[in-house]
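Colleague: The structure's right below; bear with me while I get my questions together.
What follows draws every value from the coordinates through simple rules; no lab data is involved. As the structure is a prediction and not an experimental result, all values here were calculated from the model. Cβ atoms come from the backbone with ideal geometry, glycine included; neighbour counts cover every protein chain shown.
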Amino acid sequence: MAEQPYTIVIGLEVHVQLLTESKLFCGCSTKFGAPPNTQTCPICIGMPGVLPVMNRRAVELAVKTGLALNCEIARFSKWDRKNYYYPDLPKGFQISQYDLPICRGGYLDVPSPNREGMRRIRIIRVHLEEDAGKSMHDEKAGRADSRIDLNRAGTPLLEIVTQPDIRSPAEAKAFLTELKLLLNYLEVSDCNMQEGSLRVDANINLHIPTEDGQYVATPIVEVKNMNSFRAVERALTYEAQRQYEAFLETGHRLGDVPKQTRGWDEDAQLTRPQRSKEESSDYRYFPEPDLVPVTVTDAELEALRQQLGELPADIRRRLQETYHLNDYDSDVIVNQGRAFVDYFCQLADTCGDGKMAANWAQQDVLRTLNERDWTITQFPISAAELARLLCRVKSGELDTAKARMVFGHMVDHQATVDEAIQSLGIVQVDETELRQLCAELLASNPKVVAEVKSGKDKAIGSLVGQAKKRNPHVNPARVKEICLELIRQETT
Amino acid sequence: MSLSELTASQLLQQLREGRIKAVEVVAHSLRQIDQYDPTVGAFLRVNRDHAFAQAEEIDRRRSRGEKLGKLAGLPVAVKDNICTQGEPTTCASRMLKRFVPPYDATVIARLKAADAIIVGKTNLDEFAMGGSTETSALGRTCNPWDVTRIPGGSSGGAAACVAARMVPLSVGSDTGGSIRQPAALCGVTGLKPTYGRVSRFGLVAFASSLDQIGPLAQTAEDCALLLEVLAGHDPKDATSIPQPVPPFSETVRQPLEGLRVGWVREHLGEGVSPSVLAAIQEAIKVFQSLGAKVEEVELPHARYAVATYYIIACSEASSNLARYDGVHYGYRTDEKAMLAELAEERRVLQQQGKSEALEDLDTALVRMYRKTRAEGFGAEVKRRIMLGTYALSAGYYDAYYLKALKVRRLIRQDYDKAFQKVHVIVGPVTPTPAFALGEKINDPLAMYLFDLFTVGTNLAGLPAISIPCGFSEDGMPIGLHLQAPPLEEETLLRAAHMFQQVTDWHRRRPPLLDRQAVAT
Amino acid sequence: MISLAEIEKVAVLARLLLTPAESQQMTEQLGKILEYMSLLNEVNTENVEPLAHAVELTNVFREDRVTPSLDREMALANAPHRDEECYRVPAVLGEV
Ligand SMILES: [Zn+2]
């Protein structure tokens, strides 16, 4: 990475939708993609007289997230109203948590983007709140007008706020990737940015070193509107450079100007200032009188901790230690989720070769899953059966090209290894027969044998070609091996 | 004996014994409404056809020997801030004039399940904010005892319709005295249950931590009957108390032995009119004559209750009423006129070159909100929204809202201490009998101070009852206030019933009834 | 106690539009009320925990189960301005 004349300081505010069946305070479904205003009821429309009742599962998911993020879980937390007016906020306030969030402190260790170990990003707080609906701008009515869909209103959201510990746009992306992975593993959220189940705002400024060894901080800018992890990285890269140039031009430091909000424009690839009204920041928080506080006991915490299961960082470590995978391979496997990891481990254990299992899992299995849009649970070949195939490759009974054919057939026809081999008409050459064939070839090709003896192992290639002509089913790699072996035996 | 002489309990008895039919009871109720409501103005809407149909159905079911609900065939009036599915629920506000809830409040569902006949919705102060029913944007209610005076509020319609014998039972809501105060001023019995005893689901919120639905009727016995149906845990209300409901209607007739009654010096002193004072002192003597021990208790923070109450109630109200913004339901300002007005303001500012003011000019959306709310709410509601918004705003939160919450705890602790000594605390409900319509409408603070004896109960979440205990020299009813510890509604009802067994204040009828009855 | 300028600020926060006369009257009335409320200043509330709920319950939950939503027509029935699918409002994005 090119050396910049400044340090970038980034803190993230991440909102994730929880994977509950129903909304935070009512029984409406949280399913994505329903026609507008078909998943609402008097409670989430905020009709006069209605009352919220807290979804137990949402609180549990919030606590699980807090535990996985190494947070301190509040033994007593309460709900507050955040008051502001917006058409997609039907009650005129959002039920959130202000001074007693459910989780505080904590951290997430993130693989450093340049693969230099791990970076610890501290978490300030995690709290539960309700989502708002959606406003859609519509100009076709002849005048500017907005349409409001409340399907999303009242969906449980977790707000996760980090310390400004992130030092580069790539690191911000790495944090989000790791967070998403963790929340996927916990089944807390699917973190799908396209569907809006993960949204992120970033606070960013620069520390620019001065000659006296100190530094000046540039004004903090909140960047919004980033719709993918890549967009986050690009927006922050752009914004850092913009701030540096702005500093050179204006000399503005932190505190000189009010905090600015800028939106990322994906098409133009730049951030633009967003209009925000001064008074809107007076949210008049106060305790939500319609909801009662939540208390958590040690026993309840322990029970939830038991439900966490093995988390991505631990699995990564285990894959590296048990199967001797490198960072990259373990990452790829862990990123596929818990079911895939289980599949891989069974495959590796049964075939007894971690590296080989990793290659097949990543190349053949993953490619198939992607091509057919399957999850590992839909994959027709069991780990045990795939291990059987890999064993044949290891023993030389099948070459890789044939094994791939067999694999393809197994996938298409839900066949066992044996069935596939049979249907494909692959005749396996008997070892004795193969040795016999090789001996004959060596005998009739003394020139080749001489070349090999003089150190040109490559010469054996021509024998492989002849072997294939005599028996198309032979495994070329095995022919090579046997021939070399026989020549060596001859010399000793 | 005319049907309007009968209490709900007596009517129920006769209905059960088949001596009268539900249709007769409903017909009588509607006749009373026809005759007196044009003068009194208790109802915003009467559900004539539906009430009849329901009564016929109940009679049919009874004749077939089917099991009927606890209130089968009894007409009930419901305050118009309690949601009724498919029927307008207006809160006496322009804002909700055309609002039709798609759901029933829990208490409505319970009333229906008990086969009660909901005859109509009663008038109230707009969004229950007021103590005289004068802030209603949809109608004027007057006191049946003297039509030039207020019926009290905010459940003014709920109390007036019982006083004028239009219905035997009425459902109100009490945030700072809104059941007890009109009950006192109209000479009926009204009970505010323990906070959490009756579900608030479907009660249009004024101040969520204080609101409570309760019964109004002629007697404590009738209140017990209605409360038994209204009360009970509701999973739709997280603040609802998960406790079984005692059979109030059965236990109400059991006299209390060894009752200890407390009184508070400040409640019987300065500012209380002589007639009220005399009536309360007389009532205390009645309790003594019934064997109760009477002693003085102290509520040292009672004098801060009004200030505490109005800060908390208005703060919560400012948030609860934020939903009325003209987007999802309710009133919205004329958009064309609003946009034209805004364009004109912009033009003028541009012309004057006032760029800063131009920058601050409302967006169309913000102006839509502001104009909608300015037109949809009345003066008192706006005042309270302003007060609450201010008390919660940055820089004032600690001084007002937080301070009030702390004093609220002190007020609660005072009660806890007092109730270690006595079972109930008695005193006046109001400092004076009903005042004249219009008398305090332009003096909000005077209106607020009229609540000084009732708001403490709500701050502490206690149950309390108001029962008739006398009349002023000019013939206006006076109410006796009994407050009890949380969940002690039974004590209140039994004490009140004992009192009503030996007094007849609750049986007096407004002269209006006899005058007009003679005239017709 | 409270100035006219403050009243105007609070009115924006509360989304109320007051006429100049209303603002003036509101300033006087709220001033009087707030003055009365300063009575609370004489109460010593040191070490007193605020009391936000009259009944101090904890842990009241509902189970995570889907219940039927309102029919869209019912949901939108009370809307002052709507189309087939949505509520309609003046543009949420700033300028007219
Ligand atoms: Zn809903």
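Colleague: Averaged across the residues of C:3-12, what count of C-beta atoms belonging to other chains lies within 10 Å of each residue's C-beta?
Modeller: That works out to 4 on average.
Colleague: Select from the range B:412-520 those GluC sites (Glu not before Pro) which occupy a DSSP coil region and have at most 16 other Cβ atoms within 10 Å, ordered by residue number.
Modeller: Counting only loop positions with at most 16 other Cβ atoms within 10 Å, the GluC sites (Glu not before Pro) in the range B:412-520 are B:GLU439, B:GLU473.
Colleague: For peptide B:92-99, what's the mean number of Cβ atoms from other chains within 10 Å of each residue's Cβ?
Modeller: 1
Colleague: Just round it to a whole percent: the fraction of Cα-Cα distances in the range B:288-399 exceeding 26 Å.
Modeller: 47
Colleague: Along each of the three principal axes of the Cα atoms of the range A:431-491, give the extent in whole Å, ordering the values from largest to smallest.
Modeller: The Cα atoms of the range A:431-491 stretch 30, 19, 19 Å along their principal axes.
Colleague: What GluC sites (Glu not before Pro) in the range B:1-83 are in a loop by DSSP, with at most 11 other Cβ atoms within 10 Å of the Cβ?
Modeller: The qualifying sites are B:GLU17, B:GLU66.
Colleague: Where does each of B:ARG94, B:ARG197 land when they are ranked from fewest to most other beta-carbon atoms within 10 angstrom?
Modeller: Listed from fewest to most nearby Cβ atoms, that is B:ARG94, B:ARG197.
Colleague: Right, here's the next one. Mind listing the long-range amide H neighbours of B:THR135? Cut-off is under 5 Å, sequence gap 5 or more, other chains count too, H placed in the peptide plane at 1.01 Å from N.
Modeller: Here the answer is B:GLU126, since their amide H atoms fall under 5 Å of that of B:THR135.
Colleague: Further, regarding this structure: Non-local amide H neighbours of A:ASP80 (under 5 Å, H modeled in plane, Pro and chain starts lacking H): which ones?
Modeller: The answer is A:SER96, A:GLN97, A:TYR98, A:GLU288.
Colleague: Is the range B:93-162 best put as rounded, prolate or oblate by its Cα gyration tensor, with a ≥ b ≥ c the root eigenvalues, rounded for a/c under 1.5, and otherwise prolate when a/b is larger than b/c, oblate when not?
Modeller: Oblate, since a/c reaches 1.5 and b/c is not below a/b.
Colleague: Once phi is turned into θ = phi - 60°, what whole-Hz ³J(HN,Hα) does the Karplus curve with 6.51, -1.76 and 1.60 give for every residue of the range A:21-27, x standing for Gly and Pro?
Modeller: 6, 10, 5, 5, 10, 8, x
Colleague: With all pairs of different alpha carbon atoms counted, what Kirkwood hydrodynamic radius in Å does chain C show?
Modeller: One over the average 1/r among Cα pairs gives 19.5 Å for chain C.
Colleague: Pairs A:LYS31/A:LYS134; B:LYS121/B:LYS382; A:LYS23/A:LYS134; A:LYS82/B:LYS97: which exceed 18 Å Cα-Cα?
Modeller: Among A:LYS31/A:LYS134; B:LYS121/B:LYS382; A:LYS23/A:LYS134; A:LYS82/B:LYS97, the Cα-Cα distance tops 18 Å for B:LYS121/B:LYS382; A:LYS82/B:LYS97.
Colleague: Next question. So how do C:55-63, B:463-471, A:369-377, C:26-34 stack up, highest first, on mean other-Cβ count within 10 Å?
Modeller: Highest-to-lowest ranking by the protection proxy: B:463-471, C:26-34, C:55-63, A:369-377.
Colleague: Same structure again: Using Stokes-Einstein with the Kirkwood hydrodynamic radius over Cα pairs, what translational diffusion coefficient do you get for the range B:176-243 at 25 °C and a viscosity of 0.890 mPa s, in µm²/s rounded to a whole number?
Modeller: So the translational diffusion coefficient is about 199 µm²/s.
Colleague: What translational D, rounded to a whole number of µm²/s, comes out for the range A:34-131 from Stokes-Einstein when the hydrodynamic radius is the Kirkwood one over Cα pairs, at 25 °C and 0.890 mPa s?
Modeller: Estimated diffusion coefficient is 155 µm²/s.
Colleague: Moving on. With no solvent and one point per C-alpha, what does the Debye sum give as log10 I(q)/I(0) for the protein assembly as shown at q = 0.04, 0.05 Å⁻¹?
Modeller: One equal scatterer on each Cα of the protein assembly as shown leads to -0.30, -0.44.
Colleague: Related question: Over chain A, what number does the Rg to Rh ratio reach, with both radii from the alpha-carbon atoms and Rh per Kirkwood?
Modeller: With Rh from the inverse mean 1/r over Cα pairs, Rg/Rh is 1.12.
Colleague: Which order do peptides B:419-425, A:407-413, C:45-51 fall in by mean Cβ count within 10 Å, highest first?
Modeller: Going by the mean number of other Cβ atoms within 10 Å, highest first, we get B:419-425, A:407-413, C:45-51.
Colleague: Output the peptides A:215-225, A:456-466 sorted from most to least packed, where packing is the average of other Cβ atoms within 10 Å over each peptide's residues.
Modeller: A:215-225, A:456-466
Colleague: Explain nothing, just the number: dipole magnitude of the protein assembly as shown about its Cα centre with +1 on each Lys and Arg Cβ and -1 on each Asp and Glu Cβ, in debye rounded to the nearest 20.
Modeller: For the protein assembly as shown, the charge dipole is close to 1360 debye.
Colleague: Enumerate the amide H contacts of A:THR261 below 5 Å, restricted to partners 5 or more residues apart or on another chain; note that Pro and chain-start residues carry no placed amide H.
Modeller: Result for A:THR261 returns A:GLU222, A:GLN274.
Colleague: Pop a pseudo-label 7 angstrom from the Cα along the beta-carbon direction at both A:ASP190 and C:GLU46 and give the gap in nm to one decimal.
Modeller: Once both label points are built, they end up 5.8 nm from each other.
Colleague: Return the average number of partner chain Cβ atoms within 10 angstrom of each residue Cβ along peptide A:73-82.
Modeller: Across the residues of A:73-82, the mean count of other-chain Cβ atoms within 10 Å is 1.
Colleague: Continuing with this model, one more query. When a footprinting reagent is the concern and you count Cβ atoms within 10 Å, what order do A:HIS473, B:HIS28 take, fewest first?
Modeller: Fewest to most other Cβ atoms nearby, the residues stand as A:HIS473, B:HIS28.
Colleague: Could you work out the helix-only [θ] at 222 nm for the protein assembly as shown, with each DSSP H run of four or more residues adding -39,500 (n - 2.57) and the total divided by the number of residues, to the nearest 500 deg cm²/dmol?
Modeller: When only DSSP H runs of four or more count, the value is -12500 deg cm²/dmol.
Colleague: On the principal axes of its Cα set, how long, how wide and how thick is chain B? Give whole Å, largest value first.
Modeller: 79, 54, 47
Colleague: Can you run the Rg to Rh ratio on the range A:7-301? Use alpha carbon positions and the Kirkwood inverse-distance Rh.
Modeller: Radius of gyration relative to Kirkwood radius: 0.98.
Colleague: Continuing with the same structure: List the lysines whose Cα lies under 27 Å from the Cα of B:LYS354, skipping any in the same chain that are fewer than 8 positions away.
Modeller: Candidates past the 8-residue exclusion: A:LYS259, A:LYS277, B:LYS336, B:LYS371, C:LYS9.
Colleague: Run the lone-cysteine check on chain A: no other Cys C-beta under 4.7 Å from the residue's C-beta.
Modeller: Those would be A:CYS26, A:CYS28, A:CYS41, A:CYS44, A:CYS191, A:CYS345, A:CYS351, A:CYS391, A:CYS438, A:CYS483, since no other cysteine Cβ in chain A comes under 4.7 Å of theirs.
Colleague: Here's something else I'd like to know. Quick one: 3J(HN,Hα) in Hz for the range B:466-478, Karplus 6.51/-1.76/1.60 with θ = phi - 60°, rounded, Gly and Pro as x.
Modeller: With coefficients 6.51, -1.76 and 1.60, one gets 10, 10, x, 9, x, 9, 6, 4, 8, x, 9, x, 10 Hz.
Colleague: Let me ask another. Determine the sum of side-chain charges near A:ARG392: Lys and Arg each +1, Asp and Glu each -1, restricted to other residues whose C-beta is under 11 angstrom from that of A:ARG392.
Modeller: Result for the neighbourhood of A:ARG392: 0.
Colleague: Tabulate in residue order the Karplus-calculated ³J(HN,Hα) for the range A:304-314, using 6.51 cos²θ - 1.76 cosθ + 1.60 with θ = phi - 60°, rounded to whole Hz; enter x for Gly and Pro.
Modeller: 5, 4, 4, 7, 5, x, 6, 9, x, 4, 5
Colleague: Okay, moving on. Give the shape of the range B:389-520 as rounded, prolate or oblate, defined through the alpha-carbon gyration tensor: a ≥ b ≥ c are the square roots of its eigenvalues, a/c under 1.5 means rounded, and otherwise the shape is prolate if a/b is larger than b/c and oblate if not.
Modeller: oblate
Colleague: Determine, for A:SER29, A:SER197, A:SER444, the number of other Cβ atoms within 10 Å of each Cβ, and report the residues in order from fewest to most.
Modeller: Final ranking by Cβ density, sparse to dense: A:SER444, A:SER29, A:SER197.
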